[in-house]
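Heads up, the thing below is written out as structure tokens.
The values are calculated or read from the model by the stated rules, or taken from the named source; none is laboratory data. Model, not experiment: these values are computed from the prediction. Cβ placement follows ideal geometry from the backbone for every residue including glycine, while neighbour counts extend to all protein chains displayed.
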Amino acid sequence: MNYHNVSFAAAYGTSGQLPASTRPEVAFVGRSNVGKSSLLNKLFNRKKLAKVSSKPGKTSTINFFNAENSHFVDLPGYGYAQVSKSEKVRWAEMINGYFEQDRNFTLVVSLIDIRHPATSLDVQMVEFLKEAELPFMIVLTKADKLSKSQIMRQKAALRKQLSFGPETEVVACSSESGLGIDELKKAIERHLAE
Ligand code: GTP
Ligand code: MG
């Protein structure tokens, strides 16, 4: 896959606005501020492809990007407490509504902050992905904040917490240092080729 070839396609404020799925989709999910948009920018080596902020709640729509023979989908984050109740409902609708549709789910990249145990919403997300039998993998984000040995320890701890078998791919990544990005690219390509 050519990661130089990417453009913004469209933003959708409700799942009802989504067009039918016409290409394989690679979607990025995780709590607000975990680093979804940064990871997309890193994959495509484009600083401003997806908007990033140090404040949670930056991505407030479902954003589609055209990549080679695929769509990459940046979802709003879950678990952000500091928004109005109606916004929370709208965000939950977008995330749940996206996954409830009959779409070409090629890979769901579920992001979890490597520095902490998975939150209850992270656990719910993973449980849903398992239940729904969607193809998914885990990216542990912000790995530049930990040492090599801490990364190993946290990876093992999260695998245990989320009861992953050997079939579940878990990659520690950093959008700052580039750690794990090649491995993630290979995993994405493998799923797109299937
Ligand atoms: P929402 O759109 O609010 O759901 O957030 P998001 O998951 O898209 O996170 P975003 O990419 O906007 O990043 C949130 C913050 O984390 C920003 O300040 C980023 O610079 C920072 N960040 C993202 N990835 C990394 C990383 O790998 N390492 C470090 N140190 N910081 C990161
Ligand atoms: Mg975002």
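Some points to look at:
- Residues in the range 133-148 that are of a type outside the set (A, V, I, L, M) and over 16 Å from residue 165 (Cβ atoms) were compared, and the one that is surrounded by the most Cβ atoms within 10 Å (Cβ to Cβ) is 141.
- Some residue of the range 61-79 being within 11 Å of ligand 2 (Cβ to nearest atom), farther than 30 Å from residue 189 by Cβ and of a type in the set (Ser, Thr, Tyr): no
- Put simply, of 119, 168 the only residue that is surrounded by 13 or more Cβ atoms within 10 Å (Cβ to Cβ) and touching a Gly at 6+ places or on another chain (Cβ under 7 Å) is 119.
- Set side by side, the residues 183, 169, 194 differ, and just one is at pLDDT below 95, under 29 Å from residue 2 (Cα atoms) and in contact with a strand residue (DSSP E or B) (Cβ under 9 Å, 6 or more places away or on another chain), which is 194.
- The residues of the range 29-49 that are in contact (Cβ under 8 Å) with a residue 40 or more places away in the chain, within 8 Å of ligand 1 (Cβ to nearest atom) and within 29 Å of residue 85 (Cα to Cα), listed by number, are 30, 31, 32, 33, 34, 35, 36, 38, 39.
- Test result for residue 105, closer than 25 Å to residue 154 by Cα, touching an Asp or Glu at 6+ places or on another chain (Cβ under 7 Å) and in contact (Cβ under 8 Å) with a residue 24 or more places away in the chain: no
- If you go through the range 60-108 and keep only what is outside any loop (DSSP other than H, G, I, E, B), among the hydroxyl-bearing types (Ser, Thr, Tyr) and either under 24 Å from residue 7 (Cα atoms) or touching a Leu at 6+ places or on another chain (Cβ under 6 Å) (or both), you end up with 70, 78, 98, 106.
- Each residue in the range 11-55 was checked for being surrounded by fewer than 15 Cβ atoms within 10 Å (Cβ to Cβ) and within 16 Å of ligand 2 (Cβ to nearest atom), and 8 pass.
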